[in-house]
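The values are calculated or read from the model by the stated rules, or taken from the named source; none is laboratory data. Remember, predicted model here, so these are calculated numbers, not experimental data. Counting neighbours? That spans all protein chains shown, and the Cβs are built from the backbone with ideal geometry, glycine included. Keep in mind that these areas ignore ligands, DNA and RNA; they rest on the heavy atoms of the full protein, side chains included. Shrake-Rupley method; radii C 1.70, N 1.55, O 1.52, S 1.80 Å.
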Amino acid sequence: MAESGQLLPDPKGVRRLIRIDTVTKRYPDGTVAVDRLSLEIPDRSITVLVGPSGCGKTTTLRMINRMVEPSEGSILLDGVDIREQPVNSLRRSMGYVIQNAGLFQHRTIVDNIATVPRLLGWSRSKSRARAMELMERVGLDSALAKRYPYQLSGGQQQRVGVARALAADPPVLLMDEPFSAVDPVVRKGLQDELLRIQDELGKTIVFVTHDIDEAIKLGTTVAVLRTGGRLAQYAPPAELLTAPADAFVEDFLGTDRGIRRLSFFGTEGLELKRAPIVTVDTTAEEVAARTDVDDDVPYLLVTDRDGRPLGWSEPAALAAGPVDVARLLPHGRPFRHGGESLRAALDCAVLSPTGWAVAVDGTGRAVGVVSQQAIGEAIRTAHAERTTGAAGDDGSTGGGALGDADAATGAEVAG
Amino acid sequence: MSGFFDLPSDLQHSWLGLIGLHLREALLPVLAGLLVSLPIAQLCVRFRWLYAPVLGLTTVLYAIPSLAFFVVLIDYTGQTELTVMIPLAVYSLVVLVPAIVDGVRSVPQETLAAATAMGFGPVRRYVQVQLPIAVPAIIAGLRVATVSSISLVSVGMLIGNQGALGNLLNDANIYHRPELAVNSVVTTAALAILADAALVLVRRLLTPWMPHGTRRRAPAEAADAAEAGPEPAVPALEDTVR
Ligand SMILES: Nc1ncnc2c1ncn2[C@@H]1O[C@H](COP(=O)(O)OP(=O)(O)OP(=O)(O)O)[C@@H](O)[C@H]1O
Ligand SMILES: [Mg+2]
């Protein structure tokens, strides 16, 4: 697994890997906000700090850019203590996004985004050009450039916050509950946007949230902190859901973690049945011939001539004559075979009036149907595979033996 | 007899001349007060414990009658404009210091944190972030200080006709010309109103970023709708994203 010292810097020589080494923060009033925390934050991935209110997430984040100084321990950036460079140059190399964006209300959007480039001494025109480029990247209409923050919606302001943090192309991005003040629909859009941007830019992101769903959705690795600033578990999301380290983590994950875990299982292994699919112009004789083949499916899925699902029909109704599309049972939402998770497939089956889920390909053509039962079997198989893998280190944190791509993150844990 | 604008020669000024004099005697102290208040306010923001005693001190100074100031100052500065302006400058502190402190403190925590996190040093942060955002509060203070200063200048007539338009009051008495008193009062009031209006204009120019009225909200709301619009259309891919 990756060790900080051995990890080669990327071709541009940019420092990215953050190592928090037995750090304690005691505030002057005696509050211990962070207690002997050790974390190795891998580069080019999203590390989420999650935990209940007051568990020291913000404090931890702010120690990384030295807005808060640790009482004990040290923080290394690619092996070099962060105290070895001037504090303002350190901060300018780390983008910072906070709740409510914290925009400068007295500056236009474009000038807000251009702040750090200006601080770094770029010319006004170059900074602005860069700002306009970023507006596009985060999905903001360039017509908003000359507006002031009060003229933007909360979601737009948050996008400006992200653009501003990215303006000088910092290798590290620190985000403190950036999306918690917007409504769920906008939040989901912002999360998807962040993942897309991360795919393109490959920053080292440390993301703070108190929302475990957000942590699981965004995190490559998730650090669960408990009150008092101690690390409870540091693991990829799938491992967190499979093997919570203790009762606290389990409780924090919520009651439906079994269902949520299904998000991490693909649908490519599902056995689809193609026989019950008939096109709308199939004749009654052909239908009769086909139902003989596979009589454990009580319904037939009727598609249009292109293969797009129209609805379910009882075989008897089809055998009686031409298909009346208006009288078909609705097929519900189909899932993309291979593209969506077992959770999506199960959801489709549960919501389908026939209890069968419809699988489609990327273009929306039906490729098969699958029963709740078959999905249930797939779930059991998947669970069995994972738990035999993880059984060896039951209860421990980090270093999980999951065959997950996310496991290669050098999780390191201190008690 | 003589008209409304025929001023007695002992004033040594035309009506317009008196107005110029009056504005100078009223506005220079406010300006000086502002220059002194800025660092004092900054200290009060930096060291919270300082604010209460400073506020107490400015209030006590404000409570000293101008005559008492004149009696003390006249030994040093004589019967000059300066003797009038020094107390006025001191009085302006009682409004300006709290106006600036409150304005600077009203800058949202998130904004300050963002500035610090982006690598603003304390001085740059004060000048480029805190002060600009405090402008509306500072100008609100300046408006009060300016209007009261304009009306207070008149007391200067007590020390050898250093009261600009106020001197007209004295002459109205001496020459039994009540219209001079009316002239003094009306002109002073008009100056106060105009100075106030000018400050409102300055604030408008300095703060294009302030929400004003409901008129400008319309485009922002249209954009809200545009923002919310495409979001639900994002297919339910959350399961596959990771
Ligand atoms: N400046 C400070 N002085 C004293 N105590 C502080 C200070 N800042 C934070 N604390 C305390 O340290 C602990 C951790 O605070 P922190 O802000 O890091 O929590 P958090 O995990 O970010 O919480 P939240 O989810 O509510 O934002 C809390 O108990 C808090 O009261
Ligand atoms: Mg916090």
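Around B:ASP171, with a cut-off of 14 angstrom between Cβ atoms, what is the net charge of the other residues, counting Lys and Arg +1 and Asp and Glu -1?
Net charge around B:ASP171: -2.
Roughly to the nearest percent, how much of the accessible area of region A:88-153 is carbon and sulfur, given a 1.4 Å probe? Carbon and sulfur atoms account for 46 percent of the accessible area of region A:88-153.
Over the protein assembly as shown, the ratio between the Cα radius of gyration and 2.2 N^0.38 Å evaluates to 1.38.
Give the accessible surface of chain A per residue, rounded to a whole number of Å², with probe radius 1.4 Å and ligands, DNA and RNA excluded. Mind showing how you got there, number by number?
Working: 17190 Å² over 415 residues.
Accessible surface, normalised per residue, equals 41 Å².
Within a straight-line Cα-Cα reach of under 27 Å, A:LYS57 can be paired with the following lysines, leaving aside sequence neighbours fewer than 8 residues apart in one chain: A:LYS25, A:LYS188, A:LYS203, A:LYS217.
Contact order, relative form, for chain A: 17 percent (alpha carbon pairs under 8 Å, 6 or more residues apart, mean separation divided by residue count). Going from the isolated chain to the complete set of protein chains, region A:104-127 loses at least 30 Å² of heavy-atom accessible area (1.4 Å probe) at A:PHE104, A:GLN105, A:HIS106, A:ARG107, A:LEU119. The local environment of A:GLY338, defined by Cβ-Cβ distances under 11 Å, has a net charge of -2 under the rule Lys, Arg +1 and Asp, Glu -1.
Straightening the chain between A:ASP304 and A:SER125 buys 58.9 nm, computed as 0.36 nm per residue apart minus the Cα-Cα spacing.
Basic side chains Lys and Arg get +1 at the Cβ, acidic Asp and Glu get -1 at the Cβ, and with that the dipole of the protein assembly as shown about its Cα centre reaches some 2580 debye.
How high is the relative contact order of region A:181-247, given as a whole-number percent (alpha carbon pairs under 8 Å, six or more residues apart)?
Numbers: 40 pairs, mean separation 12.8, N = 67.
Dividing the mean separation by the residue count of region A:181-247 yields 19 percent.
Would you mind checking the tilt of helix B:178-206 against the longest principal axis of the Cα atoms of chain B, expressed as 0 to 90 degrees and rounded to 10? Orientation of helix B:178-206: about 20 degrees from the principal axis. For chain A, a Gaussian network of Cα nodes joined below 10 Å ranks A:GLY228, A:GLY30, A:GLY54 by mean-square fluctuation, and the top entry is A:GLY30. Per residue, the accessible area of region B:9-62 comes to 59 Å², computed with a 1.4 Å probe over protein heavy atoms only. Compared with the dominant principal axis of the Cα atoms in chain A, helix A:154-166 is inclined by about 60°. Using the Cβ-Cβ distance between A:TYR27 and B:TYR175 with R0 = 56 Å, the FRET efficiency computed as 1/(1 + (r/R0)^6) comes to roughly 0.15.
Burial annotation for region B:64-111: residues with an accessible-area loss of at least 20 Å² between the isolated chain and the complete set of protein chains, computed on heavy atoms with a 1.4 Å probe, are B:GLU110, B:THR111. The relative contact order of chain B comes to 22 percent, based on Cα pairs under 8 Å that sit 6 or more residues apart.
For the set B:TYR76, B:TYR175, B:TYR126, the ranking by accessible area, highest first and with no ligand, DNA or RNA atoms included, is B:TYR76, B:TYR175, B:TYR126 under a 1.4 Å probe.
Solvent exposure of B:SER92, expressed as accessible area, is near 10 Å², computed with a probe of 1.4 Å over the protein chains only. For the chain pair B and A, the interface hides roughly 3700 square angstrom of accessible area in total, found with a 1.4 Å probe. Return the lysines within reach of A:LYS146: Cα separation strictly under 21 angstrom, same-chain partners fewer than 8 residues apart disregarded; answer none if there are no such residues. Once the sequence-local lysines are set aside, what remains near A:LYS146 is A:LYS126.
For A:THR354, A:THR363, give the ranking by accessible area with the largest first, probe 1.4 Å. Could the numbers behind the result be given before it?
Working: A:THR354 20, A:THR363 80 Å².
Sorted descending by solvent-accessible area, the residues read A:THR363, A:THR354.
Give me the angle, in degrees from 0 to 90, between the Cα long axis of helix B:48-63 and the longest principal axis of the Cα atoms of chain B, rounded to the nearest 10. The helix B:48-63 is inclined about 20 degrees to chain B.
Amide H to amide H distances under 5 Å link A:VAL208 with A:LEU49, A:MET175, A:ASP176, A:GLU177, where only residues 5 or more positions off or on other chains count and H is placed in the peptide plane.
Looking at the protein assembly as shown, what % of its DSSP beta bridges pair antiparallel, to the nearest 5? Intermediate values should be presented prior to the final figure.
Details: 30 of 54 bridges.
Within the protein assembly as shown, antiparallel bridges account for around 55 percent of the total.
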